[in-house]
Amino acid sequence: MFGWRARLGLLVPSSNTTNEPEFYGKLPEGVSLHTARLPLEDVNVDDLSEMAGTAEGVAERLEHADVDVVAYGCTTGSLVKGRGYAEELEEKLADVAGVPAVATALSVERALDALGAESVTVVTPYTTDVNEREREFLEKGGFDVLSIDGHELEANTAIGGLRSEDAYQQARAKYDGRADAVFVSCTNYRTFEAIETLEADIGVPVVTSNQATLWDALGQTSVDRTEVDLGQLFER
């Protein structure tokens, strides 16, 4: 039987081609992944807000798979309407699916807290207006965003075409030695291969959207997160 230790339910934007492959490569033995897709082609404020309204109906289908936790795998989709919405989203998804639920934006904050980070350098693939929503969200969560840099991409297929090397180079170029951690945002931005090298080269913890979501979701199960080799976060 697949998922004999735990079954992870994942809500992912329909145009996301990165989240599932990254998760598949790092799931502990006996943990399975079961995915439902939310309609999204472009990463902009209007489309992200519209996608968010479909989450509850889609999450209900994951309950049919008898999952142990549901993860809303979209960073900006879980923060675009503000902190109150993100918290409400987790509560509604948990109610619909009948299991604990986590949303990426809040998973990132939990990860930063676990690492003791108060200040952060943020790099993203996003446009400036989406970045400003992210900055506001993190600052209201109590984090000092020292800088935020984006690739000005809107088409999610273009974001999915970025490589881990792109994440490494962007983060390495923008980290100036002041922040407690670096956050690479977007569940469609490939990062897993770069995390440990980037941490070694800049000397501070690195949090990425998929890494934080996986860490947070596994924390809702009985599976030991330290089984996953994915940077300093999974040592917590």
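The values are calculated or read from the model by the stated rules, or taken from the named source; none is laboratory data. Everything quoted here is computed from the prediction, not taken from an experiment. Here the Cβ positions follow ideal geometry from the backbone for every residue, glycine too, while neighbour counts run over all protein chains shown. Just so you know, the surface numbers come from the protein's heavy atoms only, side chains and all, with ligands and any DNA or RNA stripped out. Shrake-Rupley method; radii C 1.70, N 1.55, O 1.52, S 1.80 Å.
Quick rundown of the values:
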read-out: Whole-number percent relative contact order across the chain, with pairs defined as alpha carbons under 8 Å at least 6 apart; value: 22 percent
read-out: Shape category assigned to region 35-155 from the gyration tensor of Cα positions, a/c cut at 1.5; value: oblate
read-out: Within straight-line cross-link reach of LYS92, aspartates and glutamates at Cα separation under 14 Å, skipping those fewer than 8 residues along the same chain; value: GLU56, GLU60, GLU63
read-out: Residues whose placed amide H lies under 5 Å from that of TYR189, excluding near-sequence neighbours; value: none
read-out: Sum of side-chain charges, ASP229 neighbourhood, beta-carbon under 9 Å (Lys, Arg +1; Asp, Glu -1); value: -1
read-out: ³J(HN,Hα), Karplus 6.51/-1.76/1.60, whole Hz, each residue of region 166-173, x for Gly, Pro; value: 5, 4, 4, 5, 5, 5, 4, 6
read-out: ASP144 long-range amide H proximity, modeled H, under 5 Å; value: SER119, VAL120
read-out: Sulfur and carbon atoms: percent of accessible area, the chain [1.4 Å]; value: 43 percent
read-out: Contact order normalised by residue count of region 25-151, Cα under 8 Å, 6+ apart, percent; value: 22 percent
read-out: Per residue value of the accessible surface for region 15-70 (all protein chains in place, 1.4 Å probe), Å²; value: 46 Å²
read-out: Principal axis box of the chain, alpha-carbon based, largest edge first, Å; value: 47, 38, 32
read-out: Region 148-156 - phi-based ³J(HN,Hα) in whole Hz, Karplus 6.51/-1.76/1.60, Gly and Pro as x; value: 9, 10, x, 8, 6, 9, 10, 5, 5
read-out: 5 angstrom amide H check on HIS151, placed H, neighbours 5+ away; value: THR124, TYR126
